[in-house]
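K.L.:
Quick one: structure below, then a few questions.
Readers should treat all values here as calculations from the given coordinates under stated rules, not as data from a laboratory. The structure presented is a predicted model; accordingly, all values stated were derived computationally and were not measured. Positions of Cβ are generated from backbone atoms using ideal geometry, with glycine treated the same way; all protein chains shown enter the neighbour counts.
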Amino acid sequence: MAILKKLRGKLSKTRENLTDKISRALKAHKTLDEGLLEELEEILIAADVGVETTSKILETVKERARKEKKESSSDIQEFLKEAMLNALTETNRSGVIDLDSPLPSEPYVILMVGVNGTGKTTTIAKLARMFDRRGQKVLIAACDTFRAAATEQLQIWAKRVDADIVKNVPQADPAAVAYDAISAAKARGHQVVIADTAGRLHTKTNLMEELKKIKRVMGKALPGAPHLTLLVMDATTGQNGLRQVKLFDEAIKLDGIVLAKLDGTAKGGIVLAIADEYKMPVYYVGLGEKPDDLEKFEPKEFVEAIFD
């Protein structure tokens, strides 16, 4: 219940942009006519649910209303909630590794990728804090060797969340840093390795090739590594982020998404578009700048929070 309460507070912008407008539209129409459907379509698309996903959701609502002969405001809202929840759960969530359970490998290696400015560094720190609170030693691999400032920032965060760090000189081979970090974790008994990578444009072929190399070298350092590859995506980028999902997944095969800055956007509907169009599960959502502002994504709680 505490998480649901936090979600309600942090998702206020999305709720105002999405469900408050839906409520007003439902009150203005007495039946599920074309006027209401058009209005609902505009609201969902404006919240970055996406054209295709919006169409599927409204088609489901229409079919249920016709089949059950129910068109009251409360009925339509309930149908919408259920259609959204279905969209969020019809992903490959069955393959989601529960990081709350004992880790299947030690060290457990997580590779974090994303474009510039998505909040990747702070997300890594939040993940490290989460593991540290469970008594699991974390080692952060500073594989962004292009910018000295990136390593410095990561060092500051590592200290704040009681994580160790492995780094190298500027311009060093990022894959070599990843290898050294995994070797150090095995030697020192760290349970978790979280690898930072340089923020990169998903359209830059050479940088994407470098990510592939990092992933290959990790597997040489520890068979099966990385065990989890997560794309950190800025929720405020909306539909533009969907192309990031597509291209990163094609290049290195993603396991899931961390949606950062969800508290700062009125377009939280992007979660639905990701789930529906790419069947890609969202593992965590960032709900603030503090080290503890990372929450496990639960579809039911998310839908409840934005409709409450």
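K.L.:
Using every alpha carbon pair in the chain, what percent of pairs falls into each 10 Å bin from 0 up to the bin containing the largest distance?
P.N.:
Percent of pairs per bin, in order: 6, 27, 32, 19, 10, 5, 1.
K.L.:
Apply the Karplus curve 6.51 cos²θ - 1.76 cosθ + 1.60, θ = phi - 60°, to the phi angles in the stretch 78-90 and return the couplings in whole Hz, x for Gly and Pro.
P.N.:
Values, residue by residue: 5, 5, 4, 4, 5, 5, 5, 4, 4, 4, 6, 9, 8 Hz.
K.L.:
Turning to a different aspect of this structure: What does the extension gain come out to for Ser74 and Val169, with contour length at 0.36 nm per residue minus their alpha carbon separation?
P.N.:
Taking 0.36 nm per residue and subtracting the Cα distance, the gain is 28.2 nm.
K.L.:
Separate question: Can you work out the FRET efficiency for the pair Ala148 and Tyr278, with r the C-beta to C-beta distance and R0 = 45 Å, to the nearest 0.05? Write out the running numbers ahead of the final one.
P.N.:
Values: r = 35 Å, r/R0 = 0.77.
Calculated transfer efficiency: 0.85.
K.L.:
By how many nm would the segment from Ile156 to Ala46 lengthen if fully extended, with 0.36 nm per residue of separation less the alpha-carbon distance?
P.N.:
35.8 nm
K.L.:
Collect residues whose amide H, placed 1.01 Å from N in the peptide plane, falls under 5 Å from the amide H of Gly256; neighbours closer than 5 in sequence don't count.
P.N.:
Amide H neighbours of Gly256: Thr229, Leu231.
K.L.:
OK, next. Going highest first, how would you order 185-196, 268-279 by mean Cβ packing within 10 Å?
P.N.:
Ranked by mean Cβ neighbours within 10 Å, highest first: 268-279, 185-196.
K.L.:
Could you state the angle between the C-alpha long axis of helix 205-221 and the longest principal axis of the C-alpha atoms of the chain, as a value from 0 to 90 degrees rounded to the nearest 10?
P.N.:
Result, in degrees: 60.
K.L.:
If contacts are Cα pairs under 8 angstrom and at least 6 residues apart, what is the relative contact order of the stretch 128-223 in percent?
P.N.:
Relative contact order here is 35 percent.
K.L.:
Any idea what % of Cα-Cα pairs in the stretch 67-119 are farther than 18 Å?
P.N.:
Everything past 18 Å amounts to 64 percent.
K.L.:
Nearest 500 deg cm²/dmol is fine: what mean residue ellipticity at 222 nm does the chain get from its DSSP H runs of n ≥ 4 alone, each adding -39,500 (n - 2.57), divided by its residue count?
P.N.:
About -16500 deg cm²/dmol.
K.L.:
Sequence-distant or interchain residues sharing an amide H contact under 5 Å with Ile165, placed H: which?
P.N.:
Ile140
K.L.:
In what sequence do Ile97, Ile43 fall when counting other Cβ within 10 Å, fewest first?
P.N.:
Ranked by crowding around the Cβ, least crowded first: Ile97, Ile43.
K.L.:
Something else now. Rounded to the nearest 0.05, what FRET efficiency do Ser183 and Lys213 have when you use their Cβ-Cβ distance and R0 = 25 Å?
P.N.:
Efficiency, rounded to the nearest 0.05: 0.90.
K.L.:
Oh, and also: For Pro107, what is the net charge nearby, where nearby means another residue's Cβ is under 11 Å from its Cβ and Lys, Arg count +1, Asp, Glu -1?
P.N.:
Every neighbour counted, the sum reads +2.
K.L.:
I've got another one for you. What length, rounded to one decimal in nm, is gained on full extension from Glu63 through to Arg133, with 0.36 nm per residue of separation minus their alpha-carbon distance?
P.N.:
So the extension gain works out to 20.5 nm.
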